Amino acid sequence: MNKDQIKTIAELFGKIAPDDIRMEEVEFDGKKYKRGDKIHIPQNEKDFKDFENKMKQIFERQNQDNFTNLISEQHEHNEEEGPLQFLINNCNLNKSNLFQFTIEEIEQLLIEIDRNQGFRFIVNLNYLAFYRPYHYYPTTWGIYLDIDKLIQQGQRVFDYNNQYNCVPNLTDFDAFLIAFFKTYFHEIYHHKFEAMATKIELVNRKPFYKDGFNYYYCNTFRSDFCLEEAFANVHGLEKSIDFLKENAGFSYAPKDLKKLIRKSLLEFASPGYRKAFEITDLPLIERKLTENKFIELIYKFSYFRINGVMPGELTADMWDLFTYKLDPLINTNNDVTFIARI
Ligand SMILES: [Zn+2]
C-alpha cells in the first residue's frame, strides 16, 4: 500500500492519533524513540554483512558499558497508561468490554492450548519494541526497536545458554541476533494482523480493526486472553530461526535454537505472550488450527460488536482456506482472497 492508501484507511476505518506527526522523536509510554534511525533489514546473505557490521559497532559499544540487566530494569517502569490508541478506544483491562460468548470461547481455547492462566494480568511490561498501527498513525506507523534492551535480551539468551547449553558454541553476538530477529518478526506479526483486519474492512466497509481486532487486543492486553501476543511470539520464533539460517549463515541446529528461545524467552514471559511456550510445542497442524480458532473468535467478536448480530458460520477450516490472510500484501494468487458473510 502507498502512503495515500494508508492515510485513506486511517481516515475511513481508524482514528488518527493527535501525536501522529512527522518529527524526530516518537513517544511511547513515557519513553522517547528516535525516528529516522532506520535499520534496513537484510534480504540476503550479502546484505547481511552490512547489517552485521552496523550491529556489531553498537553491540561492542554497549558491551563496554556496565548496563543493568532486564530484571532490575523492570522496576523502572511505573504504572503505564498504555499506548494512546488504548485511550482513544476507551479500553478496559477487566473483561468488562468483552461479550460473554467471547469470554467463554477464549477460555475454552486456552484450555485447549493447555496452561490456562485465565485473566490474571500484569501491570508492568518492559518494552523491547512496539508496533504503531497505521489505523492510528498513518504517518509514524511501523516497528520501533529499543536496541539497548535488545542487547540486554541477547545477553539473557546468551547467559541462559551458558547455563543450560541448549545450543553448543553459541556466540554472544549470535545470541543478540536471535533476540533481535525474534523481536522483529514478533512486531511484523502485529502488522500482519492489522493487514488481515484491513482486508476484512475492505470487504465489509466497517472499522473492523479499531472497533474489533484492536479493541479486543487493547481490552485483553497483558492477560492470557491476548493471544495476538502469543502468536506474535510463535511467528517470532519460527521466522527468526529460518531467517538466520538463510541470511546469517547460522549452522546451529534449528531444534536447539527452538529449545533455547522457548526456554529463555517464552516460558516465563508475561501473560498472553507466554502462551507461545505451549503453542510452539503443538504439532504444526494443531498450531495452525489454534491460530485459526483465535482469528475466528476475534472476527466473531468484531462482527457482533459492529453489527449487533452474529456473522454467518465460518469454521476454523474456512479460515485455513484464506491462505494469505496474514500476508501484508493483497495477494490474489490463492484460493480465497477475501472472506465475508454472505
Ligand atoms: Zn507484541
Please pick out the residue among 210, 206, 255, 199 that is of a type in the set (Lys, Arg) and either more than 18 Å from residue 300 (Cα to Cα) or within 16 Å of the ligand (Cβ to nearest atom) (or both). 255
Filter segment 290-303 down to residues that are among the hydrophobic types (A, V, I, L, M, F, W, C) and in contact with a Ser or Thr (Cβ under 8 Å, 6 or more places away or on another chain), then give me how many there are. 2
With respect to the numbered conditions (1) assigned to a helix (DSSP H, G or I); (2) more than 13 Å from the ligand (Cβ to nearest atom), which one is the sole condition not fulfilled by residue 228? (2)
Would you please name the residue that is farthest from residue 93 (Cα to Cα), looking only at residues in segment 213-225 that are assigned to a helix (DSSP H, G or I), within 15 Å of the ligand (Cβ to nearest atom) and not polar (S, T, N, Q)? 213
Look through segment 229-282, keep the residues that are among the acidic types (Asp, Glu) and under 30 Å from residue 46 (Cα atoms), and return whichever of them is surrounded by the most Cβ atoms within 10 Å (Cβ to Cβ). 238
Which residues, counting only those in segment 152-205, are among the β-branched types (Val, Ile, Thr) and over 21 Å from residue 243 (Cβ atoms)? 198, 200, 203
Considering only segment 175-184, state which residues are within 12 Å of the ligand (Cβ to nearest atom) and crowded, with 23+ Cβ neighbours inside 10 Å. 182, 183
Taking the condition of a type in the set (Phe, Trp, Tyr), surrounded by 24 or more Cβ atoms within 10 Å (Cβ to Cβ) and at pLDDT 95 or above, does residue 209 pass? yes
Which ones in segment 263-277 are away from the ligand (no atom under 14 Å from the Cβ) and either free of Cβ contacts under 8 Å to residues at least 12 places away in the same chain or touching a Leu at 6+ places or on another chain (Cβ under 9 Å) (or both)? 267, 268, 277
From the list 238, 187, 246, pick out the single residue that is in a helix (DSSP H, G or I), of a type in the set (D, E, K, R), farther than 18 Å from residue 297 by Cα and within 12 Å of the ligand (Cβ to nearest atom). 187
Which of the numbered conditions does residue 158 fail, given that it passes all the others? Conditions: (1) at pLDDT 90 or above; (2) within 16 Å of the ligand (Cβ to nearest atom); (3) assigned to a helix (DSSP H, G or I). (2)
So which pairs qualify, if the first residue must be in segment 6-24 and modelled with pLDDT under 85, the second must be of a type in the set (Gly, Ala, Ser), the Cβ gap must be under 9 Å, and the two must be at least 6 apart or on different chains? 24/36
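The values are calculated or read from the model by the stated rules, or taken from the named source; none is laboratory data. As the structure is a computational prediction, the values presented were derived from the model and not from experiment. So basically every Cβ, Gly included, is an ideal-geometry build from the backbone, and we count neighbours across all protein chains shown.
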